[in-house]
Amino acid sequence: MRAYLGIDIGGTNIKAALVSKEGGLVAFLSLPWSGGAAGDAVDVVSRLTQNLTSANEDHEVVACGVGSAGLVDTCAGVVRLSPNLPEWYDVELRWMVAEALGLPTRIENDANAAAYGEYLAGAARGATNAVVLTVGTGIGGGLILNGNLYRGGGFAGEVGHMTIERDGDPCPCGNAGCLERLANAEAVVRSVGRLLDEGRESVLIMTGAATVLTAKEVGRAAAAGDAVATEALEQVGRALGAGLANLVLTLDPDVIVIGGGVAAAGEPLLAPTRAEMARRCYGSSVSLPRVVPAELGNTAGVVGAALLARDEFPPV
């Protein structure tokens, strides 16, 4: 059987999957990594690929698609820069992966790949216009407009770096007050820290989790009814909702899909996000897009990358 290899290179993990030409997930693996040099990432990709192919010898891999964080020049096959991968400048990732794996390869921004996966096989199925956000270490965005992945001049969809606070905290991208600074995983932890500094009681203190806190732990605490965790997610949700309002007033999408590690918190994050978006959209009495969780979870990027490779290198 033929399959496509999908790779997703993020700031803290590298994921790999074999995907059928119809978009079905055949096998999936993930490894943490330090976000270092591009050569190190390719070494991890090679290791993951070897493990996948050796465990699925009945599948012939046709081509590889790679989603990478940062500004990705798809035509040139180059990652121009990546705020969450600070060593990456003009990295010829397409050719590095193709040489390492011996496969025809295409690369794409990781959020664009995730958007394509959700559009064809996930929560945005059937939509004509959709926005897909990945909220994790950073905030990436992918746009489906009139049924097509929209890239603009090549770098459209960098919604995490829209300015929400004009004089806000500096962002690794060089801007200040970015949505990413206000609504990513680190922002969740910072919000908890501020509330704990006020002397608020929380299960996060009782368990000692505050010293090594993650957004996932905050989500679990909110689900269990912890007031501090709930309030922290509300604060982040309001910031995210402000960003969504800008997208709604600009693009008027049918649906907004929220994925990524932070979005795993579910309704404690999404409910205040929807409310703030509606408050800021003057047309809310007429029509607002659905804001829904991603269906493909942490596999959206690998599925989308594989399907983009399928489109460029269709099976003979």
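The values are calculated or read from the model by the stated rules, or taken from the named source; none is laboratory data. None of the values given here were measured: they were computed from a predicted structure. Neighbour counts are summed over all protein chains in view; Cβ atoms, including those assigned to glycine, are modelled from backbone coordinates with ideal geometry. Surface accessibility is based on the protein's heavy atoms, side chains included, excluding ligands, DNA and RNA. Shrake-Rupley method; radii C 1.70, N 1.55, O 1.52, S 1.80 Å.
Going by the conditions given, is A176 closer than 30 Å to W88 by Cβ and either β-branched (V, I, T) or open to solvent by 10 Å² or more (accessible area, probe 1.4 Å) (or both)?
Working: closer than 30 Å to W88 by Cβ: yes; either β-branched (V, I, T) or open to solvent by 10 Å² or more (accessible area, probe 1.4 Å) (or both): yes.
Yes: the conditions hold for A176.
Going through the range 86-110 one residue at a time, which ones are part of a helix (DSSP H, G or I), without any contact (Cβ under 8 Å) to a residue 60 or more places away in the chain and over 13 Å from T74 (Cα atoms)?
Result: M96, A98, E99, A100.
Find all pairs meeting these conditions: Cβ atoms under 8 angstrom apart; at least six residues apart or on different chains; first residue within the range 24-38 and at pLDDT below 90; second residue outside any strand (DSSP E or B) and among the small types (G, A, S).
That search, which allows pairs on different chains as well, returns W33/A41; G35/G11.
Just checking: which of the strands (runs of 3 or more DSSP E) contained wholly in the range 1-64 hold 3 or more residues that are open to solvent by 30 Å² or more (accessible area, probe 1.4 Å)? Don't jump to the end; show me each part of the working.
Details: elements: 2-9, 13-19, 25-32.
Hits in the range 1-64: 25-32.
Any idea how many residues of the range 124-134 are in contact with an Asp or Glu (Cβ under 9 Å, 6 or more places away or on another chain) and either open to solvent by less than 10 Å² (accessible area, probe 1.4 Å) or in a helix (DSSP H, G or I) (or both)?
Let us first name the residues in the range 124-134 that are in contact with an Asp or Glu (Cβ under 9 Å, 6 or more places away or on another chain), namely 124-130, 132, 134.
After this cut, where a residue has to be either open to solvent by less than 10 Å² (accessible area, probe 1.4 Å) or in a helix (DSSP H, G or I) (or both) as well, the list is 124, 130, 132.
Residues meeting the conditions: 3.
Keeping to the range 156-183, report how many residues are out of contact with any strand residue (DSSP E or B) (no Cβ under 6 Å at 6 or more places or on another chain) and of a type in the set (V, I, T).
2
Rundown of residues vs (1) β-branched (V, I, T); (2) touching a Lys or Arg at 6+ places or on another chain (Cβ under 6 Å); (3) at pLDDT 95 or above, yes/no style:
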{"residue": "V286", "(1), (2), (3)": "yes, no, no"}
{"residue": "G297", "(1), (2), (3)": "no, no, no"}
{"residue": "R310", "(1), (2), (3)": "no, yes, yes"}
{"residue": "P314", "(1), (2), (3)": "no, no, no"}
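Would you point out the residue of the range 65-74, among those that are modelled with pLDDT of 90 or more and not acidic (D, E), that is surrounded by the fewest Cβ atoms within 10 Å (Cβ to Cβ)? Give the derivation first.
Within the range 65-74, the subset modelled with pLDDT of 90 or more is 65-68, 72-74.
Now narrow it down to the ones that are not acidic (D, E): 65-68, 72, 74.
Numbers: G65: 32, V66: 35, G67: 33, S68: 28, V72: 29, T74: 18.
The qualifying residue surrounded by the fewest Cβ atoms within 10 Å (Cβ to Cβ) is T74.
Every residue in the range 194-212 that is modelled with pLDDT of 90 or more and within 21 Å of G138 (Cα to Cα), please.
The answer is R194, and nothing else.
Can you pull out every residue in the range 78-122 that is open to solvent by less than 10 Å² (accessible area, probe 1.4 Å) and small (G, A, S)?
Matches in the range 78-122: S82, A111, A113, A114, A115, G117, G122.
Picking from G304, G261, G266, G237, which residue would you name as being of a type outside the set (V, I, T) and modelled with pLDDT under 90? Outline the logic, then answer.
Working: G304 fails: modelled with pLDDT under 90; G266 fails: modelled with pLDDT under 90; G237 fails: modelled with pLDDT under 90.
One residue alone meets the criteria, G261.
Kindly provide the set of residues from the range 40-74 that are closer than 16 Å to D90 by Cα and of a type in the set (G, A, S), ordered by number.
Selection gives A41, G67, S68, A69, G70.
Which condition number does N148 fail, the rest of (1) surrounded by fewer than 24 Cβ atoms within 10 Å (Cβ to Cβ); (2) among the polar types (S, T, N, Q); (3) within 23 Å of Q50 (Cβ to Cβ) being met?
Only one criterion in (1) surrounded by fewer than 24 Cβ atoms within 10 Å (Cβ to Cβ); (2) among the polar types (S, T, N, Q); (3) within 23 Å of Q50 (Cβ to Cβ) is unmet by N148, namely (3).
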